Amino acid sequence: MAQRRHESESYQIRGAVFEVYREMGSGFLEAAYQECLEKEFKRRGIPFVSQRDLYLQYKGEPLTQTYRPDFVCFGKIIVELKAVKELTNEHQAQVFNDLKATGLDLGLLANLSHYPLAEIQRVVL
């Protein structure tokens, strides 16, 4: 059986997401979960960058538009937070496009308003 991409790091991230959900529950706005997850990543020593502008290119030319992922953890995993009733194909497509735009190969799409448990989907490029 092949090892999943960045499994150790994604396991740590998922643990932090589930801890935030365990502590806060569902029903808050995405911004509240963003702040909680920043605190939990710090507490667990998970390296992350929060909402930093990433510059995009089109056919090798820089664009003025930027992309701002919720988190880039370990310098190689995009974490996109949602606070919605359920994840949709559009949410998955957003993470897939984010991966293409950044050159990273793994994204975690985390929905913290899903009840009764937080929902995390892996998106692989």
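Bear in mind these aren't lab numbers, they're just calculated from the coordinates by the rules spelled out. Please read these numbers as outputs of a predicted model, since none were measured by experiment. Here the Cβ positions follow ideal geometry from the backbone for every residue, glycine too, while neighbour counts run over all protein chains shown.
List of remarks:
- Sorting V124, V79, V72 from the fewest to the most surrounding beta carbons within 10 angstrom yields V124, V72, V79.
- Across V95, V17, V49, mean-square fluctuation computed from a Gaussian network of the chain (C-alpha pairs under 10 Å connected) peaks at V49.
- Top of A110, A31, A16 by mean-square fluctuation, Gaussian network on the chain, Cα under 10 Å: A31
- Pairs of Lys residues in the chain that lie 8 or more places apart, or on two chains, and have C-alpha atoms under 20 angstrom apart add up to 6.
- Paramagnetic label reach from M24 (point 7 Å along Cα→Cβ; backbone nitrogen cut-off under 12 Å): within the range 86-111, residues 111.
- Range in the chain, longest, excluding exposed trypsin sites (Lys or Arg not before Pro) [loop by DSSP; at most 13 other beta-carbon atoms within 10 Å]: 5-51
- Principal-axis tilt of helix 89-102 within the chain, Cα atoms, nearest 10 degrees: 50
- Each residue of the range 44-50 was assigned a 3J(HN,Hα) from its phi angle through the Karplus expression (A = 6.51, B = -1.76, C = 1.60, θ = phi - 60°), giving 8, x, 8, x, 8, 10, 10 Hz with x at Gly and Pro.
- Size of the range 7-124 as Cα extents on the principal axes (Å, biggest first): 44, 30, 25
- Listed residue (Y55, Y11, F71) projecting farthest to the positive dipole end of the chain, Cβ model: Y11
- The range 21-76 and the range 90-125 have their alpha-carbon centroids 12 Å apart.
- Unit charges on C-beta of K, R, D, E only; dipole of the chain, Debye: 260
- Among D53, D70, D105, a tally of other beta-carbon atoms within 10 Å of each Cβ gives an order, fewest to most, of D53, D105, D70.
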